[in-house]
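Structure, as structure tokens:
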Amino acid sequence: MFFKYNSKIFFLSSLFGKLINTLLFKNNLNGICAGYNEALYKTNDAGITWQSATWGITLNGRDINKLFAGQYGVMYAAGGLDSIDGFLLKSVDGANTWEIISEWTEHEINTAYSPKHNYIVVAGSAGFVQLTSDGGESWQDCDIPEFDFPLEITSIDFIDENNGICAGGQRGIDSVSIILKTNNGGESWQLAYNEISTC
């Protein structure tokens with residue numbers, strides 16, 4: 001369920017388990033949100049009303065964890081299920097049709113970002129961080145520091161084409177907060193913050 005109050009959009013998970021993880025607006029009126037079990041909703045009135053939509057491809061009930069914009073109107077969606085079966089989708093027509101451009105059978109994609117055209121950084125659990133410079137045709141492992149626990153990356157953002165940060169850590173009783181930074185578009189990451197704290 002969705003509602004708008006004082007120009008703010010609020011999301012509630014529906015009775016059918018369609019928890020919403022991520023939101024992306026293309027402009028002031030048109031947006032999409034997505035989440036668990038292939039959930040996809042669209043709005044064309046700035047979030048006042050939302051309509052259920054479909055991806056138009058087979059995702060086998062996987063979750064969408066991240067929607068993000070590329071350059072030249074390209075939109076992306078990333079996710080997976082239970083730490084495996086990761087995927088990256090692409091739409092070039094404003095989220096009307098989607099295609100799978102990459103899949104990872106052993107990794108779920110928690111977060112992703114496109115700092116410049118055809119460059120995409122994806123990340124997940126167990127220190128999984130990869131980069132493509134050709135729109136998903138090929139991928140390379142990013143160079144990240146080693147930790148004595150399985151690092152989970154939950155968020156990525158870039159200031160410009162070269163400088164970005166990612167955040168995450170380890171959840172649990174001995175929680176650790178980690179922030180990494182890059183100055184070369186995500187090829188390598190350096191430790192910026194490491195504390196025993198909430199992930």
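The values are calculated or read from the model by the stated rules, or taken from the named source; none is laboratory data. Since we're looking at a predicted model, the values are computed, not measured. Here the Cβ positions follow ideal geometry from the backbone for every residue, glycine too, while neighbour counts run over all protein chains shown. Just the protein is used for accessible areas: all its heavy atoms, side chains included, with ligands, DNA and RNA removed. Shrake-Rupley method; radii C 1.70, N 1.55, O 1.52, S 1.80 Å.
Here are some notes:
- Counted as qualifying within segment 133-199 are the strands (runs of 3 or more DSSP E) with 2 or more residues that are open to solvent by less than 50 Å² (accessible area, probe 1.4 Å), namely 152-158, 164-170, 176-182.
To keep it simple, each residue is scored yes or no on (1) of a type outside the set (Ser, Thr, Tyr); (2) surrounded by fewer than 18 Cβ atoms within 10 Å (Cβ to Cβ); (3) touching a Pro at 6+ places or on another chain (Cβ under 9 Å); (4) not in a strand (DSSP E or B).
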position	(1), (2), (3), (4)
ALA77	yes, no, no, no
PHE87	yes, no, no, no
LYS90	yes, no, no, no
GLY94	yes, yes, no, yes
THR97	no, yes, no, yes
ILE101	yes, yes, no, no
HIS107	yes, no, no, yes
ALA112	yes, no, no, no
ILE120	yes, no, no, no
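- Scanning segment 55-73 for residues that are at pLDDT 95 or above, among the β-branched types (Val, Ile, Thr) and surrounded by fewer than 21 Cβ atoms within 10 Å (Cβ to Cβ) turns up just one, ILE57.
- Any hit, segment 21-38, residues being under 17 Å from the mean Cα position of the chain (by Cα), among the polar types (S, T, N, Q) and farther than 27 Å from LEU131 by Cβ: yes
- Residue pairs meeting the criteria (Cβ under 6 Å; at least 6 apart or on separate chains; first in contact (Cβ under 8 Å) with a residue 40 or more places away in the chain and under 14 Å from GLN130 (Cα atoms), in segment 97-109; second in a loop (DSSP other than H, G, I, E, B) and open to solvent by less than 60 Å² (accessible area, probe 1.4 Å)): GLU108/GLY124; ILE109/GLY124
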